[in-house]
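As structure tokens, the structure follows; a few thoughts come after it.
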Amino acid sequence: MKHLNITFIFIVLLMNLVSFKAYAWFETIDGIEYELGDSKGAVVYSAPGSGHVSIPSSITYYGNEYPVYSINNGAFRRSKITSITLPNSLERIGQEAFEDCSGLTSITLPNSLKYIGDGAFKNCTNLAFITIPDGIETIGSNTFWNCKSLISISLPNSLKEINNGAFKNCYDLTSVKIPNSVTKIGSEAFYHCI
């Protein structure tokens, strides 16, 4: 019985050591907090910045380089940013990542981007211009909801779905060229615009 208890304790300790790599480290650079330790690279975890913000393509931490590939859900929510430079390593923008960034007027999304979460730019009331890069297949629900100043948007030929309320309340949006590749347009996708 004593041997069984020691074996059990050894297995528990070994599991803790093996799972140690699953823990994340956090590093703050220029006021932006990055989550490191993910096997893909670094994630912009939180960023309460203001003015112009520039996200680097990678973060070096204790000699290891982590490519910045994602912006966390709500990372810039309610921040005072006016413009942002995104790296070509970025693949993902999480849900509501830029929600309520009323000072943001335009943003250039990198060609490496593959995913934009629901509500990512929700209520960015001064956002006027945006180009969605080729490779994006879905514009999620409420992605540009209440972007009242949005007057121009360029949609890629890779786009297949525009989900519910995607451009709802974009009052200044007067025309959109929808690519032939789009097979689904959700309810109220363009409500109170065009």
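Is it fair to say S175 is more than 14 Å from the chain's Cα centre (by Cα), hydroxyl-bearing (S, T, Y) and in a loop (DSSP other than H, G, I, E, B)? Here the answer is yes, as S175 does meet what is asked. Here is the figure for segment 53-78: residues that are polar (S, T, N, Q) and at pLDDT below 95 total 3.
Selection of segment 101-127 for residues being over 19 Å from S54 (Cα atoms) and surrounded by fewer than 18 Cβ atoms within 10 Å (Cβ to Cβ) yields K114, Y115, T125, N126. Looking only at segment 51-69, filter to residues that are small (G, A, S) and surrounded by 12 or more Cβ atoms within 10 Å (Cβ to Cβ); which one of those is farthest from N126 (Cα to Cα)? In this case the residue turns out to be S58. Can you confirm whether segment 135-145 contains a residue that is over 21 Å from T82 (Cα atoms), acidic (D, E) and part of a loop (DSSP other than H, G, I, E, B)? Looking through segment 135-145, at least one residue is over 21 Å from T82 (Cα atoms), acidic (D, E) and part of a loop (DSSP other than H, G, I, E, B).
To keep it simple, each residue is scored yes or no on (1) free of Cβ contacts under 8 Å to residues at least 24 places away in the same chain; (2) closer than 13 Å to I132 by Cα; (3) among the small types (G, A, S).
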position	(1), (2), (3)
L159	no, yes, no
N164	no, no, no
N169	no, no, no
V176	yes, yes, no
P179	no, yes, no
T183	yes, no, no
G186	no, no, yes
Y191	no, no, no
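Among the residues of segment 106-127, just one is in contact with a strand residue (DSSP E or B) (Cβ under 9 Å, 6 or more places away or on another chain) and in contact (Cβ under 8 Å) with a residue 40 or more places away in the chain, namely G117. Out of S158, S152, which single residue is surrounded by fewer than 20 Cβ atoms within 10 Å (Cβ to Cβ), over 14 Å from the mean Cα position of the chain (by Cα) and at pLDDT 95 or above? The match here is S158.
For segment 92-116, what are the residues that are over 13 Å from N72 (Cβ atoms) and assigned to a loop (DSSP other than H, G, I, E, B)? Answer for segment 92-116, where residues must be over 13 Å from N72 (Cβ atoms) and assigned to a loop (DSSP other than H, G, I, E, B): D100, C101, S102, G103, L104, T105, L109, P110, N111, S112, L113, K114. Condition check: surrounded by 13 or more Cβ atoms within 10 Å (Cβ to Cβ) and in contact with a strand residue (DSSP E or B) (Cβ under 6 Å, 6 or more places away or on another chain). Does G74 satisfy that? It is false that G74 is surrounded by 13 or more Cβ atoms within 10 Å (Cβ to Cβ) and in contact with a strand residue (DSSP E or B) (Cβ under 6 Å, 6 or more places away or on another chain).
Against the definition (out of contact with any helix residue (DSSP H, G or I) (no Cβ under 9 Å at 6 or more places or on another chain) and on the phi > 0 side of the Ramachandran plot), how does G186 come out, yes or no? Criteria not met by G186.
Look at (1) under 22 Å from F144 (Cα atoms); (2) free of Cβ contacts under 8 Å to residues at least 40 places away in the same chain; (3) within 11 Å of the chain's Cα centre (by Cα) and you find that V43 fails only one, number (1).
Taking the criterion of being in contact with a Leu (Cβ under 7 Å, 6 or more places away or on another chain) and either assigned to a loop (DSSP other than H, G, I, E, B) or charged (D, E, K, R) (or both), the residues of segment 38-88 that qualify are I55, L86.
The values are calculated or read from the model by the stated rules, or taken from the named source; none is laboratory data. These numbers come from a predicted model, not from an experiment. Virtual Cβ from ideal backbone geometry, glycine too; neighbours counted across all protein chains shown.
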